[in-house]
Amino acid sequence: MASPPLALPWSGTLEAVTTGLDRGGRAIILSRDINRGQWSTATHQGLHGVSFAAARRREEQITARREAAANLIETAVSVLSRVASAQAALEAEYDRVVETARSRGLTEVAGTIIAFTDDLLEEAVIFNVMLGRIKEEGILLDRHCAGRLEMLLPLTPFDDRRKRCVATLEDLYTPAPARLPLPEDPTVSAAQLHEVNMAGAEDGLRELADQFPGMVVLESGDHHLVAAFGDIDAAESITTVVSGVGSATPGAVAGTLDRGRELHRQVGGAVIVWNGYRPPESLIDGGQDISARLGAVELRNFMRSLTERSGPSVTHTVVAHSYGSLVVGMAAAKKSGGLDADNIVFLGSPGTSVSGVDELQLNSPDPHIVAARSAADPIGIVGSGYAGLHGPDPSSDVFGAEVLPATGGHSDYFRDPVVLDALRKLQHH
């Protein structure tokens, strides 16, 4: 069977490696048990003395190392087994897309769908987009596998390099400060904040303001934009949307704002599009949590100011989509003091950094945590109820959130009637 052009080896190869490792680990344990039996027999036969005791202590040290190696192998086997299963699912989906393309009269060559007639060109483009997404998921799975296996390694001289690498990433993903952070004092109106942010604004922001009339810019800066649709100073409910990978790139900001505008039209109240952090620009970079960890601090500060200026009568819902759910999960972690909001809605999450709702804290008298992941959302490949790229899937039963039966793809949640209806109800709970 030919292996699809994915980042990881063919799932059959991964399964073979897993079997070999498992066999090696069992052999180590068997050797340990045999040696213990031999030493026990020698002891019962009356062997003793200084040399015997020294040899016994040496053997115990070797046995401890063997057990440590066996435990590492057991964990590696567990990781590789799960990865092989996920890789097999990717391969099956890849094969399904290719077979469907062939049934439409297209040809697959080295991972690319080719049309030999003009009438099939558009279909070829669609199929190549589908294959491209599967390949991206394969890269993400590869990074996840490598990261999990690297965690098994003992400290090495490479740690200094890793520290320098983390420092570089932290510098890259440190959010740019807002020109004027959202003030807690409501006497400075949202309209006045908009005027301040638009004064001397760069062309890109002015173009967005022209494209989205009625948008109110609450914060702005280098790679930093927080904008509202609706009046945050008069609304009885405010929904703050935190988006994920690629949402802040120049070509994607307009789409992120459009999603917020449409959400405002559908659910009412005021809707804030919060791009106050630097999200990863690609799925590959989405494998790290540095961006989310730094963004979580900014989100906590923003929500503290927002709830303070709006007062206790306003209902605050934070909608976390994709990688944004990792940001929100870290911001709402109980160990960090929690998040000033009444509701959280996780949509299409790769994980939230916590194991369940009991590790989250909403500083509200009536908190609600809701989650949804469509069966058709490929984000499910990198997560489950017990483990995932950034923790368990919050829409799994074991997580403890209220689960919505969403449908559609990864970008369809904001059009899903079930999700929209739930957001409307949360505004008035």
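The values are calculated or read from the model by the stated rules, or taken from the named source; none is laboratory data. A quick note: this is a predicted structure, and the numbers were derived from the prediction, not measured. All Cβ positions, even for glycine, are placed from backbone atoms using ideal geometry, and neighbour counts span all protein chains on display.
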Within segment 175-234, of all residues that are under 20 Å from Pro312 (Cβ atoms) and of a type in the set (Ser, Thr, Tyr), the one surrounded by the fewest Cβ atoms within 10 Å (Cβ to Cβ) is Thr187
Please identify the pairs in which a residue from segment 405-429 that is on the phi > 0 side of the Ramachandran plot has its Cβ atom under 6 Å from the Cβ atom of a residue that is surrounded by 13 or more Cβ atoms within 10 Å (Cβ to Cβ), counting only partners at least 6 apart or on another chain. Gly408/Ser374; Gly408/Asp416
Filter pass, Glu308 being part of a helix (DSSP H, G or I) and surrounded by fewer than 21 Cβ atoms within 10 Å (Cβ to Cβ): yes
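Let's see how each residue does on (1) assigned by TED's automatic domain parsing to the domain that holds Leu208; (2) under 17 Å from Ala227 (Cβ atoms); (3) buried (at least 22 other Cβ atoms within 10 Å of the Cβ):
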position	(1), (2), (3)
Val242	yes, yes, yes
Glu262	yes, yes, no
Arg265	yes, yes, no
Glu298	yes, yes, yes
Val314	yes, no, no
Val318	yes, yes, yes
Val328	yes, no, yes
Lys335	yes, no, no
Gly338	yes, no, no
The condition from (1) part of a helix (DSSP H, G or I); (2) at pLDDT below 90 that Glu195 misses is numbered (2)
Which pairs do you get when a residue that is modelled with pLDDT under 70, found in segment 280-292, comes within reach of a residue that is surrounded by fewer than 19 Cβ atoms within 10 Å (Cβ to Cβ), reach meaning Cβ atoms under 6 angstrom, with the pair 6+ apart or on two chains? Leu283/Glu136; Ile284/Ile139
Let me confirm something: among Gly37, Gly49, Gly111, Gly20, which residue is small (Gly, Ala, Ser) and either surrounded by 13 or more Cβ atoms within 10 Å (Cβ to Cβ) or modelled with pLDDT under 75 (or both)? Gly111
Flag if Val345 is among the hydrophobic types (A, V, I, L, M, F, W, C), modelled with pLDDT of 95 or more and either surrounded by 18 or more Cβ atoms within 10 Å (Cβ to Cβ) or over 14 Å from the mean Cα position of the chain (by Cα) (or both): yes
Quick check: anything in segment 272-292 in the same structural domain as Ala406 (by TED's automatic domain parsing), of a type in the set (S, T, N, Q) and in contact with a strand residue (DSSP E or B) (Cβ under 6 Å, 6 or more places away or on another chain)? yes
Just wondering, is there one or more residues in segment 229-251 that are free of Cβ contacts under 8 Å to residues at least 24 places away in the same chain, under 21 Å from the mean Cα position of the chain (by Cα) and within 19 Å of His321 (Cβ to Cβ)? no
